[in-house]
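Structure record follows, encoded as structure tokens.
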Amino acid sequence: MLDFLANQSPKILVVGDLMVDNYIWCDCERVSPEAPVLVMKTKSQDKRLGGAANVYANLKALNAHVKALSVVGDDETGEFLKTRIDGVLLTQKGRKTSLKNRIISHSQQVLRLDDESTDDISLEDELIAEFEACVKEYQSVVLSDYGKGVLSPKVTRALITKANELNIPILIDPKGSDYSKYTGATLLTPNKKEALEALKMSDLNGDNLKKGIKELKEKFKLEYSLITLSEAGIAVFDDDLHIIEATAREVFDVTGAGDSVIAMLAFCFALKVPLIKACELANAAAAVVVSKVGSVSVSFEEIKNYGKTSFEAKIITKNALVKRLAHLGKKVVFTNGCFDILHFGHIKYLEKARNLGDLLVVGLNSDASVKHLKGKTRPVNSEFQRAALLAALYFVDFVVIFDEDTPYELIKTLKPDILVKGADYEDKEVVGADLVEKVELIAFEEGFSTSLIIDKIKEKKC
């Protein structure tokens, strides 16, 4: 099923509250002498798509043809979103686009500062008109409601009515305790806490879960009823209650898990994947997301690799890596080589390369390529063995095997930010230098090379 879905590109429309998550990565050095507060030293910042924009990013990572429809403010955050999102983003003067500043220290969020408007938008009629004009082109619709005013009761009801007229599935991630505006949707994806508030129940344990999920379906005239249960999985009600167990092994950060769930469900509904199977895939997507830090998107390649040993998951094809890098927003460092017998010199070189950016991608010559370059006695180790050893290094993020003599076409496709080669390339032409913003040369550790190791082995045999 995963292989089939990975080759599909359904057309999906996302409507809702677009946000920007600004992650500020800090070191915590001491407590201030002025007040009992931590003194943080900023190391780096990166802006990520959040809210409905994260649903959009997840669908892009799944290779869907996705467009967004929303309202943003006439501010820097709104302009940033317009450069990152394809669709119709109406601008409301004086409105603040949602910006979440998250302060992170040692992989833990210590503070969040929000800057946003939360009142209902003034462009309701314009948004509805845009939706009605384009929705017939799509196979499913996601309404991602974060309670920031885009999906007002008037807008939400109008969008559900139009989608139902066209028999297009409309899936909603709800907000608030009054679900009346969602009446008639295909399904809602509240978590347990949200469902309790909407149902005005004290718990959803035992028989109460079936009672509550059935009440959601009947009260709001949903085609299906669904409640996400965090580490317990997903509860689904069509004609009866089903529990789809979670697949996450380690929960590191639950941020964005709900976005990944509804993105996968919308993808599956667009292709008419059976409900239970769709929920199993949504669980799998959430498992990948919660094992990472912050708002992230997940691809079919990552879902497929989830559960493999960590080094195997880092050995990736060129096309799969292009999709991964397109949504990460990281500074990518690239280097390449045969790495036939991995030695101390290689390790120090790669570690220094990784420190130049956020991700290190190693292009690895295939067996055929090495043989062509170095002769019929090479390589000593097979391409998978060489790739596995590289991938086992914590500072190597991805390994891509290529067949050509040089990595020029690979660099052209991946578009890394920094290209790294050894210091012996001083005053020499570096393949791919014309394709990147910056080339860095790193000195090798003296006295270490694959040829020297092979010569020593030959001497001992003699």
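The values are calculated or read from the model by the stated rules, or taken from the named source; none is laboratory data. The model shown is predicted, which means the values in this text are computed figures rather than measured ones. Here Cβ is always computed from backbone atoms with ideal geometry, including for glycine, and neighbour counts include all displayed protein chains.
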Count - residues of region 224-245 that are part of a helix (DSSP H, G or I) and hydrophobic (A, V, I, L, M, F, W, C): 1
Filtered residues of region 438-462 (kept if at pLDDT 90 or above and over 16 Å from Ile347 (Cα atoms)): Lys438, Val439, Glu440
Matching residues in region 8-31 - criterion: being of a type outside the set (A, V, I, L, M) and modelled with pLDDT of 90 or more: Gln8, Ser9, Pro10, Lys11, Gly16, Asp17, Asp21, Asn22
Residue count for region 190-211, restricted to those that are surrounded by 14 or more Cβ atoms within 10 Å (Cβ to Cβ) and part of a loop (DSSP other than H, G, I, E, B): 3
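Can you tell me which residue within region 373-389, out of those that are within 11 Å of Cys338 (Cβ to Cβ) and touching a residue at least 24 places away in the same chain (Cβ under 8 Å), is surrounded by the fewest Cβ atoms within 10 Å (Cβ to Cβ)?
Per the stated criteria, the residue is Leu373.
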Taking interchain pairs and intrachain pairs at least six residues apart, which have beta carbon atoms under 6 angstrom, with the first residue in region 219-242 and closer than 21 Å to Ile160 by Cα and in the same structural domain as Ala278 (by TED's automatic domain parsing) and the second assigned to a helix (DSSP H, G or I) and basic (Lys, Arg)? Ser225/Lys217; Phe237/Lys214; Phe237/Lys217
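Give region 350-363 a look and list any residue that's crowded, with 22+ Cβ neighbours inside 10 Å and touching a residue at least 40 places away in the same chain (Cβ under 8 Å), or say none.
First, the residues of region 350-363 that are crowded, with 22+ Cβ neighbours inside 10 Å: 350, 353, 360-363.
Once the filter is applied, which keeps residues that are crowded, with 22+ Cβ neighbours inside 10 Å and touching a residue at least 40 places away in the same chain (Cβ under 8 Å), region 350-363 yields Leu350, Ala353, Val361, Gly363.
One residue is enough: does region 12-19 have a residue meeting the conditions assigned to a loop (DSSP other than H, G, I, E, B) and surrounded by fewer than 20 Cβ atoms within 10 Å (Cβ to Cβ)?
As a first pass, look at region 12-19 and keep what is assigned to a loop (DSSP other than H, G, I, E, B): 17.
With the extra rule that they be surrounded by fewer than 20 Cβ atoms within 10 Å (Cβ to Cβ), the set shrinks to none.
Taking every residue of region 12-19 in turn, none turns out to be assigned to a loop (DSSP other than H, G, I, E, B) and surrounded by fewer than 20 Cβ atoms within 10 Å (Cβ to Cβ).
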Can you name every residue in region 166-214 that is closer than 17 Å to Ala270 by Cα, under 30 Å from the mean Cα position of the chain (by Cα) and among the hydrophobic types (A, V, I, L, M, F, W, C)? Ile168, Ile170, Leu171, Ile172, Ala185, Leu187, Leu188
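Counting residues that are modelled with pLDDT under 95 and touching a strand residue (DSSP E or B) at 6+ places or on another chain (Cβ under 9 Å), which strands (runs of 3 or more DSSP E) fully inside region 101-185 reach at least 2?
On the way: elements: 108-115, 140-144, 170-173.
Per the criteria, 108-115.
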Look through region 406-432, keep the residues that are surrounded by 14 or more Cβ atoms within 10 Å (Cβ to Cβ) and small (Gly, Ala, Ser), and return whichever of them is modelled with the lowest pLDDT. Gly422
Failed item in (1) more than 22 Å from Ala133 (Cα to Cα); (2) at pLDDT 95 or above, with Val39 passing the rest: (2)
Unmet requirement for Lys221, which otherwise passes all of (1) at pLDDT below 95; (2) basic (Lys, Arg); (3) not in a helix (DSSP H, G or I): (1)
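Can you find a residue in region 70-90 that is at pLDDT below 90 and among the aliphatic types (A, V, I, L, M)?
Filtering region 70-90 down to residues at pLDDT below 90 leaves none.
Scanning region 70-90 turns up no residue that is at pLDDT below 90 and among the aliphatic types (A, V, I, L, M).
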Exclusive hit being out of contact with any Pro (no Cβ under 8 Å at 6 or more places or on another chain), assigned by TED's automatic domain parsing to the domain that holds Lys11, modelled with pLDDT of 90 or more and among the small types (Gly, Ala, Ser), set Ala246, Ala198, Ala270, Ala263: Ala263
